[in-house]
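Here is the structure we will look at, set down as structure tokens.
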Amino acid sequence: MRDIMSRTTVSNSLSRLVCDRRRALIGLLSGLVVVPSSASCKSRAGEIVLPDLRRRSDTDDSAAFARALELGAPVYCPAGRGSGSDGAYVLSSVPLISDTTIRGDGSSSILRLAPEARSVFIGLSSPDTPLENVALSDFRIEGRVTETGFKEHWNLISLAGISILRIERVEFIGFAGDGLYLGAEHQGVAREPRMIRDILVRDCLFDGVNNDNRNGISVTGGEAITIDGCRFRRCSRPDMPGPIDFEPDAFPFYKLARLRVTNCDFEACGGNVGQVSIVIPPVVPPPRDVLISGNRFRGYRGTGGDVAVTINRQPDSATPAMRCVIEDNVGIDGHGGVQIFSGKDITVRNNRWADYAGRSLFGYNESTAGVLDVTVMGDQFVRCGWRDGIAVAVYKGDGIALEGLLFRETGNGTPGAAPLYLGPGRIRRLSLIGNDWRGNPASAGLVIVERGADYLPGTTRVAGNLVAEGRSLPAF
């Protein structure tokens, strides 16, 4: 036993010696005098320990971060070693560079926005100096929304163009604007396009703290963007879009493709568009290859939907197919489940929406809206429309299939209450196949057709529906 303990003691001593020598080498390279610290022994081989590069003349940790990034090695932020009185790292708009890796010890490694600063990290890609290969993990970023209130463009991380970005197990707390902003542009004298590509945001927390912010994540353009397993809490004030917003500005160079929002959890969020929103100006091509799957929505206090999509045009045969799939999501206690104002080639399947005040909708009745080739299959609508009286509305569209849906306890007992509302826009090729309309005593009718709607019953296909005894669907 004494021999084993002796070998262990020697091994620990050698490890400390290696750590101290590595710190001394970093000090030599950076021109600093470094005092050995046990915290550096938690670092991995080749990593730079951030506080080792802080100088006495530094007012916060921003300059030390810049020195660390210039050395080109991974940066480690040990918990409790920042310049803040509580050991937080205080940072002001630190520019990220390519081939950067930054990690901490989890939520105890706090990176805090400096007073009057707008961002913790910023990044700008250009054709000559692209920003690429950045990995951020295992730390907490704190904003100052409780002190500053809403500041629309004060984003904790703000990147204008980046390729190959990995953000994992990072907590974004108290942002005044966005937690994470991914901009496919540089807003200088003239708007210049930038590439956003190959983005993964996984297992992160976005907590707006007081719902007095913009969005958890904003994306203006890009491709191969995945947001997976993240949690969103108390995001978005009433006049902002919502926790996740894909929304280009009105410039034709923007593109969105291969978007994934999967296995995320939303609670007590707000906004006026949607918890996952896709808003595309008319001059921007519709997004392609979109998957919104396996998410959980609870306690939404905004005025939009859990999932909201608009391409701001009436689609036709020349409109590119979106190949958008919204599946296996579960929502409870919200405003509207899925709201597709306009779009083409969209599949909504196997979702469950319960206890919604408002309605899900497909194809809004405006000249710049409507849907084409939309299938809603296997969704459940339980106690939906308890305030508005309607569970699902189809306002305007062509080629809409409602198949295998379940409606239970929908409506609110008013004369116009119903599981399904049709009109007042132009509706063609509607299919009602194998839906279960039983168990809706608070709905006056099962399907309400708006008077004066531009609706051709002869194009409707109805088959295999389940209806309670004594009730019936309209004679389409």
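Which one is farthest from C230 (Cα to Cα), of the residues in the range 139-159 that are hydrophobic (A, V, I, L, M, F, W, C) and part of a strand (DSSP E or B)?
Applying the filter and picking the extreme gives L159.
Within the set of pairs 6+ apart or on separate chains, which have a first residue in the range 74-90 that is under 25 Å from R166 (Cβ atoms), a second that is among the basic types (K, R) and in a loop (DSSP other than H, G, I, E, B), and C-beta atoms under 9 Å apart?
These pairs meet every condition: P74/R44; Y76/R44; R81/R54; G82/R54; Y89/R81.
Which one is farthest from G183 (Cα to Cα), of the residues in the range 249-289 that are surrounded by fewer than 24 Cβ atoms within 10 Å (Cβ to Cβ) and of a type in the set (A, V, I, L, M)?
Top of the filtered list is A268.
A444: part of a strand (DSSP E or B) and among the small types (G, A, S), yes or no?
no
Report, ordered by the first and then the second residue, all pairs with beta carbons closer than 7 Å, sequence separation of six or more or different chains, a first member in the range 451-468 that is in contact (Cβ under 8 Å) with a residue 24 or more places away in the chain, and a second member that is basic (K, R).
Listed by first residue and then by second, the contacts come to D454/R426; L456/R428; T459/R428; T459/R429; L466/R438; V467/R438; A468/R438.
Among the numbered conditions (1) at pLDDT below 95; (2) closer than 17 Å to R461 by Cα, tell me where A401 comes up short.
Only one criterion in (1) at pLDDT below 95; (2) closer than 17 Å to R461 by Cα is unmet by A401, namely (1).
Does the range 401-418 hold any residues that are assigned to a strand (DSSP E or B) and hydrophobic (A, V, I, L, M, F, W, C), and which are they?
A401, L402, L406, F407, A418
Looking at R383 and the list (1) on the phi < 0 side of the Ramachandran plot; (2) surrounded by fewer than 23 Cβ atoms within 10 Å (Cβ to Cβ); (3) within 28 Å of the chain's Cα centre (by Cα), which single condition is not satisfied?
Just one mismatch for R383, condition (1).
Per-residue answers, yes or no, for (1) buried (at least 24 other Cβ atoms within 10 Å of the Cβ); (2) among the aliphatic types (A, V, I, L, M):
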position	(1), (2)
A184	yes, yes
R202	no, no
N211	no, no
N215	yes, no
C230	yes, no
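Given the residues R426, R408, which is the only one that is modelled with pLDDT under 95, surrounded by 17 or more Cβ atoms within 10 Å (Cβ to Cβ) and of a type outside the set (G, A, S)?
R426
Table: residues versus (1) under 25 Å from N350 (Cα atoms); (2) surrounded by fewer than 20 Cβ atoms within 10 Å (Cβ to Cβ).
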{"position": "K396", "(1), (2)": "yes, no"}
{"position": "A417", "(1), (2)": "yes, no"}
{"position": "Y421", "(1), (2)": "yes, no"}
{"position": "L430", "(1), (2)": "yes, no"}
{"position": "N435", "(1), (2)": "yes, no"}
{"position": "R438", "(1), (2)": "yes, yes"}
{"position": "E450", "(1), (2)": "no, yes"}
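Using the structure shown, decide if T410 is closer than 19 Å to N465 by Cα, touching a Gly at 6+ places or on another chain (Cβ under 7 Å) and of a type outside the set (K, R). Show your work before the answer.
Details: closer than 19 Å to N465 by Cα: yes; touching a Gly at 6+ places or on another chain (Cβ under 7 Å): yes; of a type outside the set (K, R): yes.
Against the criterion (closer than 19 Å to N465 by Cα, touching a Gly at 6+ places or on another chain (Cβ under 7 Å) and of a type outside the set (K, R)), T410 qualifies.
Suppose we filter I196, I141, I157 for residues that are more than 22 Å from F246 (Cα to Cα) and crowded, with 23+ Cβ neighbours inside 10 Å; which single one remains?
I141
Of the numbered conditions (1) more than 22 Å from F65 (Cα to Cα); (2) free of Cβ contacts under 8 Å to residues at least 40 places away in the same chain, L131 fails exactly one; give the number of that condition.
Every listed condition holds for L131 apart from (1).
Looking at the range 464-476, is at least one residue surrounded by fewer than 17 Cβ atoms within 10 Å (Cβ to Cβ), out of contact with any Asp or Glu (no Cβ under 6 Å at 6 or more places or on another chain) and either outside the structural domain of I346 (by TED's automatic domain parsing) or aromatic (F, W, Y) (or both)?
Looking for residues that are surrounded by fewer than 17 Cβ atoms within 10 Å (Cβ to Cβ), out of contact with any Asp or Glu (no Cβ under 6 Å at 6 or more places or on another chain) and either outside the structural domain of I346 (by TED's automatic domain parsing) or aromatic (F, W, Y) (or both), one finds at least one in the range 464-476, hence yes.
So how many residues does the range 424-476 have that are hydroxyl-bearing (S, T, Y) and in contact with a Phe, Trp or Tyr (Cβ under 7 Å, 6 or more places away or on another chain)?
First, the residues of the range 424-476 that are hydroxyl-bearing (S, T, Y): 431, 443, 455, 459-460, 472.
Adding the requirement that they be in contact with a Phe, Trp or Tyr (Cβ under 7 Å, 6 or more places away or on another chain) leaves 460.
Residues meeting the conditions: 1.
Working only within the range 447-476, note down all residues that are assigned to a loop (DSSP other than H, G, I, E, B), within 37 Å of the chain's Cα centre (by Cα) and within 15 Å of A417 (Cα to Cα).
E450
What number goes with the only condition from (1) out of contact with any strand residue (DSSP E or B) (no Cβ under 8 Å at 6 or more places or on another chain); (2) of a type in the set (S, T, Y); (3) modelled with pLDDT of 95 or more that T129 does not pass?
(3)
Would you list the strands (runs of 3 or more DSSP E) that sit entirely within the range 250-309 and hold 2 or more residues that are within 17 Å of G343 (Cβ to Cβ)?
Answer list for the range 250-309: 256-262, 274-279, 288-293.
Residues in the range 112-138 that are assigned to a strand (DSSP E or B) and either surrounded by 22 or more Cβ atoms within 10 Å (Cβ to Cβ) or of a type outside the set (D, E) (or both): how many?
Number of matching residues: 11.
List pairs: first in the range 339-361 and touching a residue at least 24 places away in the same chain (Cβ under 8 Å), second assigned to a loop (DSSP other than H, G, I, E, B) and of a type in the set (V, I, T), Cβ under 8 Å, 6+ apart or cross-chain?
Pairs found: S342/I311; S342/T368; G343/I311; K344/I311; K344/T319.
Conditions (1) more than 23 Å from S443 (Cα to Cα); (2) among the β-branched types (V, I, T); (3) in a strand (DSSP E or B), marked per residue:
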residue	(1), (2), (3)
S317	yes, no, no
V325	yes, yes, yes
V338	no, yes, yes
E366	yes, no, no
T375	yes, yes, yes
A393	no, no, yes
G399	yes, no, yes
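The values are calculated or read from the model by the stated rules, or taken from the named source; none is laboratory data. Computed from a predicted model, the values in this text were never measured in an experiment. Positions of Cβ are generated from backbone atoms using ideal geometry, with glycine treated the same way; all protein chains shown enter the neighbour counts.
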